[in-house]
Amino acid sequence: MELENIFLENARNVPGNIAEGFGRFYYKDSVQFYRVAKGSLSEVKSDVYICFDRDYIEKEETDEAIKQIEVVDKLTNGLINSAYKIKELAR
């Protein structure tokens, strides 16, 4: 039960931090929240592997979850890069 709560909290933190970063006006603040989201995403990835190791989920489910996590990670990298580009355009 505790793993489930930790997993859900980490998973909720990802979109929450992205939304918080999106709502910031200063690019450094936005980037900081996007980086925190990436950290939470890494925790979710770790949680998925723990679930697999404890036989809570099958290999196929693990592989699919990891694939989705990697997509979200790339999208978050795109947010970070776009924040820096906006900074450069504002000069």
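Rule-based calculations on the coordinates, nothing more; no lab input. Note that this is a predicted model, so its numbers are computed, not measured. Ideal geometry is used to build each Cβ from the backbone, glycine not excepted, and the neighbour counts take in all protein chains shown.
Structure above, values below:
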{"read-out": "Residues (among the aromatic types (Phe, Trp, Tyr) and touching a helix residue (DSSP H, G or I) at 6+ places or on another chain (Cβ under 6 Å)) located in region 49-69", "value": "Phe52"}
{"read-out": "Residue within region 68-78 that is of a type in the set (D, E, K, R) and either surrounded by 14 or more Cβ atoms within 10 Å (Cβ to Cβ) or in contact (Cβ under 8 Å) with a residue 24 or more places away in the chain (or both) present", "value": "yes"}
{"read-out": "Hits in region 23-58 - residues which are within 19 Å of Ile80 (Cβ to Cβ), aliphatic (A, V, I, L, M) and in contact (Cβ under 8 Å) with a residue 40 or more places away in the chain", "value": "Val31"}
{"read-out": "Filtered residues of region 21-31 (kept if in a helix (DSSP H, G or I) and either in contact with a Lys or Arg (Cβ under 8 Å, 6 or more places away or on another chain) or surrounded by fewer than 17 Cβ atoms within 10 Å (Cβ to Cβ) (or both))", "value": "Phe22, Tyr27, Lys28, Asp29, Ser30"}
{"read-out": "Region 10-22 residues that are farther than 17 Å from Lys45 by Cβ, paired with ones that are part of a helix (DSSP H, G or I) (beta carbon under 6 Å, 6 or more apart)", "value": "Glu20/Phe33; Gly21/Ser30; Gly21/Phe33; Gly21/Tyr34"}
{"read-out": "Residues of region 48-57 satisfying the condition of being surrounded by 11 or more Cβ atoms within 10 Å (Cβ to Cβ) and in a loop (DSSP other than H, G, I, E, B)", "value": "Tyr56, Ile57"}
